[in-house]
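Please read the structure below before turning to the comments.
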Amino acid sequence: MKDFKNKVAAITGAGSGMGRSLALALAREGCQLALSDRNEKGLAQTAAEVMRAAPGLVFTQHCVDVSDRAAMYAWAEQAARTHGRINLIFNNAGVALSSTIEGMSYDDLEWIMGINFWGVVHGTKAFLPYLKASGEGHVINTSSIFGIFAQPGMSGYNASKYAVRGFTESLRQELDMQDCGVSATCVHPGGIKTNIAQASRISANVTGFLVHDEQQGRDEFEKYFITTADKAARVILNGVRHNRRRVLIGPDAVAADMMARLLPAAYQKLVVFDARRKGPLGQPAADAPGTLPAKASGNGADAP
C-alpha cells in the first residue's frame with residue numbers, strides 16, 4: 001500500500017502515544033480514521049488534534065476496551081458501515097506489567113494478556129473480513145522489543161508480546177498463501193516516549209529485588225524511552241508502504257534484534273549480569289529453605 005489517501009484506517013489505543021501519532025500522520029495524508037481507545041478523555045483530545053491537522057477529514061471515534069471481544073466486533077461493523085470500507089487496522093493498544101513469575105497474580109497476567117494479546121486477536125479477526133472486502137488491506141500489530149528478547153520481572157509483558165509476534169508472523173504467511181490483497185506487519189518498538197511506564201502495573205514483589213520502589217521502577221523504565229511517538233509513526237507507515245514483515249523502531253530495537261540473533265541463548269546471561277549490576281538489593285521474599293510453602297491461594301503464583 002503505497003498511498004494512504006482516501007483509505008480508511010482503524011486504530012486502537014488512539015488516545016495517546018503512538019496511536020495518536022499514527023492518527024495525525026494518516027490524517028495529514030488524507031486517510032479517513034476510525035479511532036478507538038478506552039480512555040474517553042484522551043480519545044477526545046486526539047479527535048481535536050485531528051480536526052486541527054486535517055480540517056474536514058472524515059473520522060469516527062469510539063470508546064472501546066480491546067479485551068472485550070463483543071465490543072471489538074461491534075466497533076468493526078459500525079466503522080465499516082459508517083466509512084464504507086476498512087483498509088488498515090492498527091492493533092496498537094497496549095499496557096505493561098512488571099512482576100516476578102512467582103509473585104505475579106493471575107488477575108494481573110489475565111489483564112495484560114487480555115489487552116496486549118487478545119486485543120490484537122480481536123482486532124485482527126474482527127477487521128480481517130472487511131480488509132479482504134476492500135481489495136487492498138493491511139494488518140499492523142504492535143509487539144515490542146520484548147517480543148524479541150526476555151528480561152527478568154517482565155514475564156507477563158514478554159509472554160504477551162512474543163504471542164503477538166508469533167500470531168502476526170503466522171498471519172502474514174497465511175495471507176501470502178491466499179494472495180488476497182491483504183498483508184500483515186509486526187511492529188517491534190524499542191523505548192518510545194509514551195505514558196506506558198506511568199500507566200503500567202508494578203507489583204510489590206519486584207521492589208527490593210529489581211527496583212527500590214514502584215516510582216523508581218517507572219522512572220527507570222522511562223530512561224530507556226529514546227524515540228518519539230511521531231518518529232515511531234513515520235517508521236511504521238514507511239514499513240506499511242514497503243510491505244515489511246517486521247518493523248524495528250529505534251536503535252535499541254535494532255541492537256536487541258541483533259543480540260538475539262547472534263546470541264540466541266547466551267544473551268540471557270548478559271541480561272542477568274546487567275540486572276545484577278543495576279539491581280538494588282537482594283532476593284524476593286520466599287519461604288525458608290527446607291520448609292513447605294504456604295497453602296496455594298490461586299491468585300498469586302499458586303495453582304488454583
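Coordinate-derived values only; no laboratory data. Remember, predicted model here, so these are calculated numbers, not experimental data. Heads up, the Cβs are rebuilt from the backbone with ideal geometry, glycines too, and the neighbour counts pull from every protein chain shown.
Give the long-range amide H neighbours of Ala184: residues separated by 5 or more places, or on another chain, with amide H under 5 Å away, using H modelled in the peptide plane at 1.01 Å from N.
Val139
How large is ³J(HN,Hα), in whole Hz, for each residue of segment 114-125 in order, when computed from phi with the Karplus curve 6.51 cos²θ - 1.76 cosθ + 1.60 and θ = phi - 60°, using x for Gly and Pro?
x, 8, 6, 9, 5, x, 5, 4, 4, x, 5, 6
What list of ³J(HN,Hα) couplings, whole Hz, do you get for segment 135-140 from phi and the Karplus terms 6.51, -1.76, 1.60, once you set θ to phi - 60° and write x for glycine and proline?
x, 8, x, 8, 9, 10
Give the residues of segment 1-36 whose amide nitrogen is closer than 18 Å to a point set 7 Å from the Cα of Gln45 in the direction of its Cβ.
Output list for this probe position: 12-25, 35-36.
Could you check the spin-label model distance between Leu57 and Thr82? Points 7 Å from the Cα along Cα→Cβ, value in nm.
1.5 nm
Need one number: convex hull volume per residue for segment 8-278, Cα atoms only, in Å³.
Once divided by residue count, the hull of segment 8-278 is 121 Å³.
In 10 Å bins starting at 0, how do the alpha-carbon pair distances of segment 136-200 split up by percent?
For segment 136-200, the pair-distance distribution reads 21, 44, 25, 10, 1.
How much length is gained if the chain between Lys269 and Lys231 is pulled fully straight, taking 0.36 nm per residue apart and subtracting their Cα-Cα distance, in nm to one decimal?
10.5 nm
Once phi is turned into ³J(HN,Hα) by the Karplus curve 6.51 cos²θ - 1.76 cosθ + 1.60 with θ = phi - 60°, what whole-Hz value does each residue of segment 160-172 show in order, with x for glycine and proline?
Coupling constants for segment 160-172: 5, 7, 5, 4, 4, 4, x, 4, 6, 5, 5, 4, 4 Hz.
Taking 7 Å along the Cα-to-C-beta vector as the label spot, tell me the Ala74-Gln173 distance in nanometres, rounded to one decimal.
3.7 nm
What is the P(r) of segment 60-167, as percent of Cα-Cα pairs per 5 Å bin from 0?
So the P(r) values, bin by bin, are 2, 13, 21, 21, 16, 11, 8, 5, 2, 0.
For Cys180, put the label point 7 Å out on the Cα→Cβ axis and report which residues of segment 96-137 keep their amide N under 20 Å from it.
Counting backbone N atoms under 20 Å from the label point, the list is 118-137.
Taking 28 Å as the cut-off for C-alpha to C-alpha distance, list the pairs among Lys7/Lys125; Lys132/Lys193; Lys41/Lys231; Lys41/Lys132; Lys41/Lys278; Lys2/Lys231 that go past it.
Cα-Cα > 28 Å for Lys132/Lys193; Lys41/Lys132; Lys41/Lys278; rest within.
For Val254 and Arg276 in the same chain, what is the full-extension length gain: residue separation times 0.36 nm, less their Cα-Cα distance, in nm?
Gain on extension, Val254 to Arg276, equals 5.6 nm.
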